[in-house]
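Working notes for the structure below.
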Amino acid sequence: MMKNMSNDSRDTIFIGKKPLMAYVTSTLIQLANLPAVNIKARGLSIGRAVDVAQIISRKTENAGYSIGNIKIGSETLESKDGKTRNVSTIEIEVKRNTS
């Protein structure tokens with residue numbers, strides 16, 4: 001899990017290896033109750049996180065969701081063989097449009 005999470009973890013969706021639509025559904029459920037949700041991913045899951053955000057913003061335009069702030073960065077992780085390596089991270093905010 002990512003460090004330095006300042007906000008409540010219920011408004012954060014961590015992208016892993018589940019099917020794409022599982023994350024889309026989970027994000028939409030959270031957006032029904034919250035004004036914004038952060039989609040977080042790192043490494044090879046970054047593409048899937050972008051796909052989730054795009055599906056929500058494009059397919060639900062009538063529902064009024066849009067992509068907000070996007071943060072990119074990297075984390076230093078220690079691999080199983082003891083070497084340290086940098087892993088890219090992304091955090092995409094999906095928010096309800098205020099009308």
Taking Cα atoms only, helix 20-33 is inclined relative to the longest principal axis of the chain by an angle, in degrees rounded to 10, of 60 degrees
Note to self, the chain gives a 222 nm [θ] from helices alone (DSSP H runs n ≥ 4, -39500 (n - 2.57) apiece, / all residues, nearest 500) of -9000 deg cm²/dmol
Between the residues Pro19, Tyr65, Asn33, the Cα farthest towards the positive end of the dipole of region 9-96, that dipole coming from +1 and -1 charges on the beta-carbon of Lys, Arg, Asp and Glu, is from Pro19
Treating only Lys and Arg (+1) and Asp and Glu (-1) as charged, each at its beta carbon, one finds that the chain has a dipole about its Cα centre, in Debye to the nearest 20, of 200 debye
Each label sits 7 Å from Cα toward the beta-carbon; between Arg96 and Lys71 the label points are separated, in nm, by 2.3 nm
Any lysines whose Cα falls less than 30 Å from that of Lys80, other than same-chain ones fewer than 8 residues away, would be Lys3, Lys17, Lys18, Lys40, Lys71
Ranked output for segments 42-50, 11-19 by mean other Cβ atoms within 10 Å, highest leading, reads 42-50, 11-19
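Assuming R0 = 41 Å, what is the FRET efficiency of Met21 and Glu78, from their Cβ-Cβ distance, to the nearest 0.05? Let's see the in-between values first.
Details: r = 33 Å, r/R0 = 0.81.
Approximately 0.80, to the nearest 0.05.
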Cα convex hull volume per residue for the chain, in Å³, equals 97 Å³
Contact order relative to length for region 12-99, counting C-alpha pairs under 8 Å separated by 6 or more residues, stands in percent at 33 percent
Nearest 10, in degrees from 0 to 90: the angle of helix 46-59 to the longest Cα principal axis of the chain is 0 degrees
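Computed from the coordinates by the stated procedures, all read-outs in this text should not be read as laboratory data. As the structure is a prediction and not an experimental result, all values here were calculated from the model. Here Cβ is always computed from backbone atoms with ideal geometry, including for glycine, and neighbour counts include all displayed protein chains.
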